[in-house]
Amino acid sequence: MDKFIPVVVIKDLKETDQILTALKNSDINCAEITFRTACAKDAIAYACKNYPEMNIGAGTVINAEQCKDALDAGAKFIVSPGLSPAVAKVCSEAGVPYYPGCVTPTEIMAALELGISIVKFFPANVYGGLKALKALSAPFPQVKFIPTGGVDRSNIDEFLAFDKIYAIGGSFFVKEALDKMKGE
């Protein structure tokens with residue numbers, strides 16, 4: 001898995017090439033395409049077909065139906081804002097990584113009971129950021145985190161220096177990549 005997981009919102013299928021090319025040009029070979037838009041499934045299918053070298057996943061997956069749609073489209077990983085046992089089951093049966101949003105000890109314990117030890121920590125800035133992650137790591141040393149929300153260039157190095165960080169998620173990667181491409 002890449003250390004950076006750009007959160008990508010594609011409102012129009014035509015945006016897919018521009019965004020994924022910009023990410024690749026910034027040496028980021030991963031994209032979490034969110035299920036927040038009508039064209040999400042088509043964008044994931046298009047991305048998986050046309051960018052096979054990239055690790056394309058689906059984000060904002062909130063139920064088993066969306067999860068099945070994402071997997072049918074070729075998603076290589078699934079991310080949710082919270083923990084869904086139904087999504088976890090679909091992913092487990094398909095052998096696809098599932099990164100549910102977990103911010104409390106109870107949620108982390110529920111994820112562990114489902115065999116999940118890598119969780120999204122969202123929104124990281126609202127739930128205490130790196131300080132909270134360090135505190136949660138004490139009782140859960142086997143857990144790795146993907147902080148998303150409130151992580152940016154001003155604090156990313158601090159997060160990456162913590163050994164319990166699996167990856168960093170964020171939409172700012174997309175904005176940076178597109179700005180860089182425009183500036184070239």
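The values are calculated or read from the model by the stated rules, or taken from the named source; none is laboratory data. Source: prediction; values computed, not measured. Reconstructed Cβ throughout: ideal geometry from the backbone, glycine too, with neighbour counts over all protein chains shown. These area figures cover heavy atoms from the full protein model, side chains too; ligands, DNA and RNA do not enter into them. Shrake-Rupley method; radii C 1.70, N 1.55, O 1.52, S 1.80 Å.
If you scan the stretch 122-171, which residues turn out to be in a loop (DSSP other than H, G, I, E, B) and among the hydrophobic types (A, V, I, L, M, F, W, C)?
Going residue by residue through the stretch 122-171, those that are in a loop (DSSP other than H, G, I, E, B) are 122-128, 138-143, 149-155, 161-164, 166-167, 171.
Scanning the stretch 122-171 gives Phe122, Ala124, Val126, Ala138, Phe140, Val143, Val151, Ala161, Phe162, Ala167.
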Failed criterion for Val119 (all others in (1) assigned to a strand (DSSP E or B); (2) closer than 26 Å to Lys49 by Cβ; (3) β-branched (Val, Ile, Thr) hold):
(2)
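Can you find, within the stretch 139-174, the residue that is nearest to Leu20 (Cα to Cα) among those that are open to solvent by 80 Å² or more (accessible area, probe 1.4 Å) and out of contact with any Pro (no Cβ under 8 Å at 6 or more places or on another chain)? Break it down stepwise before answering.
Of all residues in the stretch 139-174, those open to solvent by 80 Å² or more (accessible area, probe 1.4 Å) come to 139, 142, 153-154, 157-158, 161, 163.
With out of contact with any Pro (no Cβ under 8 Å at 6 or more places or on another chain) added as a condition, the list becomes 142, 153-154, 157-158, 161, 163.
Values: Gln142: 33, Arg153: 20, Ser154: 24, Asp157: 24, Glu158: 27, Ala161: 27, Asp163: 28 Å.
Across the stretch 139-174, the extreme among qualifying residues is Arg153.
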Would you pick out the residues in the stretch 105-153 that are under 23 Å from Phe77 (Cβ atoms) and among the basic types (Lys, Arg)?
Lys120, Lys144
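When residues of the stretch 72-91 are filtered for being farther than 13 Å from Ala31 by Cα and either within 17 Å of the chain's Cα centre (by Cα) or buried (at least 17 other Cβ atoms within 10 Å of the Cβ) (or both), how many remain? If you could, list the steps in order and put the result at the bottom.
Quick first cut of the stretch 72-91, residues farther than 13 Å from Ala31 by Cα only: 72-73, 80-91.
Filter once more, keeping what is either within 17 Å of the chain's Cα centre (by Cα) or buried (at least 17 other Cβ atoms within 10 Å of the Cβ) (or both): 73, 80-84, 87-88, 90-91.
Result for the stretch 72-91: 10.
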Could you list, ordered by first residue, the pairs with Cβ atoms under 7 Å in which the first is in the stretch 140-165 and closer than 13 Å to Phe122 by Cβ and the second is part of a loop (DSSP other than H, G, I, E, B) and among the charged types (D, E, K, R), at least 6 apart or interchain?
Phe145/Lys164
Need pairs with beta-carbon distance below 8 Å; first residue on the phi > 0 side of the Ramachandran plot and at pLDDT 95 or above and within the stretch 40-64, second charged (D, E, K, R) and surrounded by fewer than 20 Cβ atoms within 10 Å (Cβ to Cβ); sequence gap 6+ or separate chains.
Thr60/Arg36
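Residues Asp2, Asp42, Asp69: which one is open to solvent by 30 Å² or more (accessible area, probe 1.4 Å), touching a helix residue (DSSP H, G or I) at 6+ places or on another chain (Cβ under 6 Å) and over 16 Å from Leu178 (Cα atoms)?
Details: Asp2 fails: touching a helix residue (DSSP H, G or I) at 6+ places or on another chain (Cβ under 6 Å); Asp42 fails: touching a helix residue (DSSP H, G or I) at 6+ places or on another chain (Cβ under 6 Å).
On inspection, the qualifying residue turns out to be Asp69.
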